[in-house]
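Everything on this sheet refers to the single structure shown next.
The values are calculated or read from the model by the stated rules, or taken from the named source; none is laboratory data. All values derive from a computational prediction rather than experimental measurement. Cβ placement follows ideal geometry from the backbone for every residue including glycine, while neighbour counts extend to all protein chains displayed. With ligands, DNA and RNA removed, areas are computed over all heavy atoms of the protein, side chains included. Shrake-Rupley method; radii C 1.70, N 1.55, O 1.52, S 1.80 Å.
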Amino acid sequence: MQYPQKILRYTLDIIFPIKCLGCAKLGEGKKLDYLCKSCLASIPINRRWHCIGCQMVSPLGQTCLRCTKSIAIDQVLFMTDYANPLVEKIIKTYKYRFIFDLKSPLFYLSKKFISILSKGKHFNLIEDSPLFTSVPLDRTRENWRGFNQSSLLSEMIAKSLNLNFNDKILLKESSSIPQAEIEDKESRMKNLENKFSINGTAKIDNQTIIVIDDVATTGTTLNECAKILKANGAKKVIGLTIARG
């Protein structure tokens with residue numbers, strides 16, 4: 001951080017002191033201060049898995065054979081649950097209050113999640129050297145927010161695993177209503193029809209792609225991304241999200 005930025009941060013910390021989103025404990029100017037170690041450790045890691053299509057129990061969120069006929073995404077992994085009040089508060093603060101520094105505790109949560117799953121006998125996230133990307137925002141929304149929260153997390157995870165990252169694979173057109181504002185699955189699907197496209201310069205033939213998103217409820221967004229990726233040569237598409245909605 002440059003010297004003028006340090007002064008700005010110091011001034012802002014005095015006027016608007018950083019507090020933990022969980023217990024309201026005052027921070028000390030570190031990136032994890034929006035979420036203290038105790039509250040961060042209290043967030044439960046998901047250990048229950050189901051098919052994103054029929055919601056039946058499925059090993060590590062793999063799409064079951066019956067649903068593969070209508071669902072393109074091969075697997076959806078959730079780190080935790082959006083029903084947890086602290087998780088909901090973190091994600092909403094990160095997205096809508098533009099707290100850029102919340103990427104650090106969310107990255108810590110993702111490392112914990114991957115570490116726990118990697119101890120299992122049938123899980124290897126880095127098998128096939130997957131390429132990491134994220135669900136894109138349309139240009140208007142990304143300019144308004146100033147960053148793509150899913151892209152930041154995707155890049156951090158990829159770098160920590162020494163894997164490739166490219167957030168320019170998928171593109172999204174403007175004008176779709178935010179999925180969080182739509183309740184039923186059918187309307188969610190219609191809202192995203194033909195909204196995603198592939199970047200013409202992306203090279204994804206025969207690759208496994210891991211798509212990062214913040215929250216998945218019906219899985220519609222991830223599935224639309226998977227359709228485009230597979231139509232353009234991807235071998236396998238895995239969704240990895242912070243929370244299950």
So L170, is it among the hydrophobic types (A, V, I, L, M, F, W, C) and either in contact with a His (Cβ under 6 Å, 6 or more places away or on another chain) or farther than 21 Å from K227 by Cβ (or both): no
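Conditions tested, residue by residue: (1) farther than 26 Å from V57 by Cα; (2) out of contact with any His (no Cβ under 6 Å at 6 or more places or on another chain); (3) in contact (Cβ under 8 Å) with a residue 40 or more places away in the chain.
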| site | (1), (2), (3) |
| --- | --- |
| Q75 | no, yes, yes |
| D81 | no, yes, yes |
| I90 | yes, yes, yes |
| R97 | yes, yes, no |
| F107 | yes, yes, yes |
| F113 | no, yes, yes |
| N124 | no, yes, no |
| L131 | yes, yes, yes |
| L137 | yes, yes, no |
Do you know which residues across segment 90-137 are over 25 Å from R48 (Cα atoms), of a type in the set (F, W, Y) and open to solvent by less than 20 Å² (accessible area, probe 1.4 Å)? Y94
With the condition being at pLDDT 95 or above, I'd like the strands (runs of 3 or more DSSP E) fully within segment 145-230 carrying at least 3 qualifying residues. 208-216
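Can you give me the number of residues within segment 231-245 that are of a type in the set (D, E, K, R) and either modelled with pLDDT of 95 or more or not in a strand (DSSP E or B) (or both)?
Of the residues in segment 231-245, 2 are of a type in the set (D, E, K, R) and either modelled with pLDDT of 95 or more or not in a strand (DSSP E or B) (or both).
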Between a first residue in segment 40-69 that is within 30 Å of K103 (Cβ to Cβ) and a second residue that is acidic (D, E) and assigned to a loop (DSSP other than H, G, I, E, B), which pairs have beta carbons less than 7 Å apart while being 6 or more apart in sequence or on different chains? Q62/D74; T63/D74
Please specify each residue of segment 39-68 satisfying the condition of being polar (S, T, N, Q), open to solvent by less than 70 Å² (accessible area, probe 1.4 Å) and closer than 25 Å to S104 by Cα. N46
Answer yes or no as to whether I71 is part of a loop (DSSP other than H, G, I, E, B), surrounded by 18 or more Cβ atoms within 10 Å (Cβ to Cβ) and out of contact with any Asp or Glu (no Cβ under 9 Å at 6 or more places or on another chain). yes
